[in-house]
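Taken together, the values in this text are just the output of simple stated rules run on the coordinates, not laboratory data. Everything quoted here is computed from the prediction, not taken from an experiment. Here Cβ is always computed from backbone atoms with ideal geometry, including for glycine, and neighbour counts include all displayed protein chains.
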Amino acid sequence: MQSDKFPTERQAPDHYTTIEVAKILGMAVRSVQLMVDRNELEAWKTPGGHRRISRTSVERWASAHGLAGADSAPSSFAPPLAPATRPPVSRAPSATPASVRTPQILLIEDSVHFQNLVGLIVKQHFPEAALQVANDGITGLALYGQIQPEVLIVDILLPGIDGATLITTLRSHPQFARSHLIVVTSLDESQREPYAFALQGVKVIHKPRLVAELPAALAACLPPGQVPS
């Protein structure tokens, strides 16, 4: 009788491991651990000390953040970047060649004003690029895993997880190697000192200089042939 209440190994599991959730959401394992610590995902530990995360809470979080695929993820865990989870670029059945891939730009910024400003800059200077926006670091991590952007624009000060922590988390993720990073901030140089560990070798743009400096910074990051002359 009791077995009727619990799924068998052949059925969809009612819980996942931390690694499995990271694969489903396209995140680093550390990011999932932070979500559990913030009570964004329901979790418990087995007698052996292994963390288990509720399937229902993963589906609920994914749905709330506009992510597809978690509610129907098979036990084999297809990669979160599978074409089925992304809106098709064209009706052609074959995959879009990498040479004509629409450049993806991901902006992680909680200010609506600067979201709109970056949107205008991209629309004016790079109309062929697709801009995705996340309001906080955790959502940004999930989107990053799904779209693998050519360019990642991150504010240092973010709700949920600050930009410096986000940057160091992404750098531990193999997928980060394919993206160019641009940091935008309202902090002046002296105020950035506590974040120096995350900003080494990174292009940093002071927000008052965004309109003047962002177009050139993006042009240097986007694939050749996909930047307007």
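Side notes on the structure shown:
- In order along region 206-221, the Karplus-derived 3J(HN,Hα) couplings, from 6.51 cos²θ - 1.76 cosθ + 1.60 at θ = phi - 60°, round to 6, 3, x, 9, 4, 4, 6, 9, 5, x, 5, 5, 5, 4, 6, 9 Hz, and Gly and Pro are given as x.
- Selection from His180, Ala198, Val112, by position along the positive dipole direction of region 100-221 (Cβ): His180
- Peptides 138-147, 121-130 ordered by average Cβ neighbours within 10 Å, highest first: 138-147, 121-130
- Paramagnetic reach from Ala216 (point 7 Å along Cα→Cβ, amide N under 19 Å) across region 103-138: 118, 121-122, 124-126
- Around the Cα centre of region 146-229, unit charges on the Cβ atoms of Lys, Arg, Asp and Glu (plus for the first two, minus for the last two) sum to a dipole of about 180 debye.
- Computed E for Gln191/Ser54 - FRET, C-beta separation, R0 41 angstrom, nearest 0.05: 0.55
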